[in-house]
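S.K.: Below you'll find the structure I mean.
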Amino acid sequence: MGIKDTHKFFLQKHLVIVLFLLFSFLISQNGEAQDSAKKSIGFDINSKAAVLKEEAAFEEKNSNYTKAIKLYIRAIEEDGNAREKAIILNRIGRIYTYLGNYDEALHYYAQALDLSKKHADSMHIALVLNNIGIVHNKIGNTNKALKYFQQSLKIKQYLGENQASTINNIGNLYWRTGEFGKSLMEYKKSYQIAFDHLDSNEMAISLNNIGLCYGRTHDFEQAIAYYEKSLILKEKQHEKLGVAITYNNMAFCYRQMNKLYEALSYSKKSLEIAENIGAREQIINSLHSISLNYALLQDFQQAYHFQLLFKEMSDSVFNLESENKIAEIESRFQLKEKEQIIQSLEKEKKLRSFVQISLIIGLLFIILLSVVIFYSYRLQIKNTKQKLKIARETRKINKLTIEKNSLQIEKQNSENELLKSELEYKRRALTSNY
C-alpha cells in the first residue's frame, strides 16, 4: 500500500466513525421520542375507562343522553390520559348541544379545546372548533360561528381530513341569513364529501339540509323527497334526534301545502321523540309547529295551549342568565386562548434557544472531532514519513555493509591469489635445485 492509499484509507476510516456517531445520536433521540409518545398515550383499551367510554357512546347513539353523560363523567374520573379526556369532554359538550343546554356545552368544549391544544392534537382541535361554532350559530352569534368554522375547516384541509360536517355548518350560516342558494351549494358539497368518505351520518344531515333549502324556496315536493332519503339513513342509525328534526321539517312542508293533518301528525311525532330524549331545542321547535298547525285548523284553544308551552320552554333555554353565562364562558375561553398564545410563544422562544445551543454544541463537537482527526492524520503522516526515513537509512546502511563486505572478500581473494602465486613460485624453485 503506497502513501496515498494509506492516507485515503485513514480519511475513509475516520469519516465512517463520524457518520456512525451522528447516526447513533439520531437513533437514540428518535428512540427517546417514541418512548415518550408511548408513555403519553398510555391508554389501555381493556381498562375500566375504555369500557365506560364504549357504554356511554352506545347510550349516546341511542339518544339516552342523561345516562351517556353520567357514564362519560365516570370515564373521565377513571382515565388519567389527557387526550382521552379531551375526546370525552367534547362528546359531553356535544350532548349538551343536542339538549339545548348551550352554556354547559361551551363549558365542556372549552375544557376539551384546552387539553387538545396542550397535546397538539390538530384533528381534535378542528372537531371542537367546529362544535363551538355550532353553539354560536344556534344562539345567533353568526360572526363568531363563522370564525370557528373557518378555523376548523383550515385545519381539516391541511390534514386532508373529512370536511363534510364543517362545510355543512357553513351552509347552516347561509341558511340562517336567508342566502338559500349559497347554503344549498354548501350542503350539496358536504353531501358529496360525506358520500366519498362513506360517512352515512353526515350524508343524512346533508340530505335533510338540502330538503330545508328546497322547502324555503317553496319546492315542497323536492324537499319532502330529500327528507325521506334522510330519514332512511337516520332510522338505520337509530339517530332519534335527527329523525325528530326531519319530522318537524316535513311538518313545515305539509303545512305550506295546506295538508294540515299530515303536518300536525309529523309535528307530534317530532315532539314525542324530542321529549323522550330530552332535546330541549327540538321540543321548542315541535311545540311551535304544533301551535301553528292548530291555529290553521282553527282549534285556537289547543293552539294557545301549545303556544304557552312553547314560550315557557323558550324562556328556560334562551334566558338572560343563560346568555350572560355563555358570554362569561366565551370571555374566559378567549382569555385562556390569549394566555396559551403567550405560553406558546415563550415555549417557541425557549425551543429556538435550545436548538441554537444544541447546534452550537454540535458544531463545536464536530470542530473538535475534526481537529482530533486532523492531528491524528498529521501524526499518522509524520509516523509514516519517519518509518520511511528509517527504512531508507536501513537500506543505505545495509548497502554500505554489503559493499564493504564485498571489498573485503575481493581483497581476501586477491591476497589468497597472491599467496597462492608465491607458493607456486617457491615450489617450482625447489624443484629446479634437484
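Since every read-out is calculated from the coordinates, none of them should be taken as a lab result. Please read all numbers here as calculations on a predicted model, not as lab measurements. Cβ placement follows ideal geometry from the backbone for every residue including glycine, while neighbour counts extend to all protein chains displayed.
S.K.: Nearest 0.05, what FRET efficiency do Ile357 and Ile381 give at R0 = 41 Å with Cβ-Cβ as r?
M.R.: So, using R0 = 41 Å, E works out to roughly 0.70.
S.K.: Turning to a different aspect of this structure: May I ask you to sort Met250, Met185, Met203, Met123 by Cβ crowding, counting other Cβ atoms within 10 Å and putting the fewest first?
M.R.: Going from sparsest to densest Cβ surroundings: Met123, Met185, Met203, Met250.
S.K.: Compare the peptides 295-308, 81-94 by average per-residue count of other Cβ atoms within 10 angstrom and give them in order, highest first.
M.R.: Top of the packing list down: 81-94, 295-308.
S.K.: Quick one: which of 189-197, 389-397, 173-181 comes out on top by average Cβ neighbours within 10 Å, and what's the full order, highest first?
M.R.: Working: 189-197: 18.2, 389-397: 10.0, 173-181: 15.0.
Result, highest mean Cβ count within 10 Å first: 189-197, 173-181, 389-397.
S.K.: Nearest 20 debye, what's the magnitude of the dipole of the stretch 40-161 about its Cα centre given +1 on Lys and Arg Cβ and -1 on Asp and Glu Cβ? Please list the in-between numbers first.
M.R.: Numbers: 17 positive and 14 negative charges, 87 e Å.
Dipole about the Cα centre, nearest 20: 420 debye.
S.K.: Hey, got the Cα dimensions of the stretch 40-161 along the principal axes, in Å, largest first?
M.R.: Cα spread of the stretch 40-161 along its principal axes, largest to smallest: 42, 31, 21 Å.
S.K.: Listed here are the pairs Lys48/Lys144; Lys67/Lys147; Lys48/Lys154; Lys147/Lys269; Lys70/Lys269; Lys144/Lys311; which of them are more than 29 Å apart at the Cα?
M.R.: Lys48/Lys144; Lys67/Lys147; Lys48/Lys154; Lys147/Lys269
S.K.: Neighbour counts of other C-beta atoms within 10 Å: give me Phe252, Phe374 arranged from fewest to most.
M.R.: Phe374, Phe252
S.K.: Could you tell me the calculated FRET efficiency between Ile232 and Asn258, based on Cβ-Cβ distance and R0 = 25 angstrom, to the nearest 0.05?
M.R.: Efficiency computed from Cβ-Cβ geometry: 0.40.
S.K.: Quick one: order Val128, Val243 by neighbouring beta-carbon count within 10 Å, fewest to most.
M.R.: With the sparsest Cβ surroundings first, the list reads Val243, Val128.
S.K.: Still on this model: Using the Cβ atoms and a cut-off under 12 Å, what net charge is assigned to the surroundings of Thr142, where Lys and Arg are +1 and Asp and Glu are -1?
M.R.: Net charge around Thr142: +3.
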